[in-house]
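Contents: one structure, followed by commentary.
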Amino acid sequence: MQRIAGKRLQKLHVLQVSAIECFLAEDELVFAVTPNGKFLVNSTLQDLESRLDSADFSRVHKQAIVNLSKIVELEPILKGGATARLESVRPSKSAAAIRWRCARN
């Protein structure tokens, strides 16, 4: 998949998948997050996970799929795992600061 349609302000936009930093599920809606903002997409995270290239995107949480090339920093958390900071997503206590457990060897 190279492009996906996203809706913002009553307009449909064609988004390049490579420009999407993450997909977030919020209240049963799924959004594509880009440097230009959030866009509502008409897909479930499960559907997106099956269609996206697993070399580029990873399901890191039940509410998030992250573009691995957009991660700029991983900050360890006490309970194990890490918080990912993405290029343009500002950290917060919501799903914008995406957390996941790192695989242990």
I need a count of the residues in region 32-51 that are touching a residue at least 24 places away in the same chain (Cβ under 8 Å) and polar (S, T, N, Q). 3
Pairs, first modelled with pLDDT of 75 or more in region 64-93, second among the basic types (K, R), C-beta under 6 Å, six or more apart: I65/R59; V72/R85; E73/R85; T83/R99; L86/K70; E87/K70
Of all the residues that make up region 1-31, how many are free of Cβ contacts under 8 Å to residues at least 12 places away in the same chain and among the charged types (D, E, K, R)? 3
Checking the structure you have, find out if any residue of region 31-42 is over 12 Å from the mean Cα position of the chain (by Cα) and either among the charged types (D, E, K, R) or exposed (fewer than 12 other Cβ atoms within 10 Å of the Cβ) (or both). no
Could you figure out which of (1) among the hydrophobic types (A, V, I, L, M, F, W, C); (2) modelled with pLDDT of 95 or more; (3) part of a strand (DSSP E or B); (4) crowded, with 18+ Cβ neighbours inside 10 Å isn't true of L48? (3)
Going by the structure shown, is S54 free of Cβ contacts under 8 Å to residues at least 40 places away in the same chain and under 20 Å from A84 (Cα atoms)? yes
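Scan region 60-85 for residues that are in a strand (DSSP E or B), among the charged types (D, E, K, R) and within 18 Å of S18 (Cβ to Cβ) and report the count.
Number of matching residues: 0.
Among the residues of region 16-30, how many are under 17 Å from L86 (Cβ atoms) and surrounded by fewer than 19 Cβ atoms within 10 Å (Cβ to Cβ)?
Pass one, region 16-30, residues under 17 Å from L86 (Cβ atoms): 16-26, 30.
Narrowing the set further to residues that are surrounded by fewer than 19 Cβ atoms within 10 Å (Cβ to Cβ) leaves 16-19, 25-26.
Adding up the residues that qualify gives 6.
Is it true that P76 is out of contact with any Lys or Arg (no Cβ under 6 Å at 6 or more places or on another chain) and either under 18 Å from S88 (Cβ atoms) or among the charged types (D, E, K, R) (or both)?
Numbers: out of contact with any Lys or Arg (no Cβ under 6 Å at 6 or more places or on another chain): yes; either under 18 Å from S88 (Cβ atoms) or among the charged types (D, E, K, R) (or both): no.
Answer is no for this residue.
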Residues located in region 64-84, provided they are within 11 Å of the chain's Cα centre (by Cα) and buried (at least 17 other Cβ atoms within 10 Å of the Cβ): A64, I65, V66, N67, K70, I71, A84
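The values are calculated or read from the model by the stated rules, or taken from the named source; none is laboratory data. It should be emphasised that the depicted structure is a prediction, and the values quoted were computed from it without experimental measurement. Glycine gets a Cβ as well: all are built from the backbone with ideal geometry, and neighbour counts include every protein chain shown.
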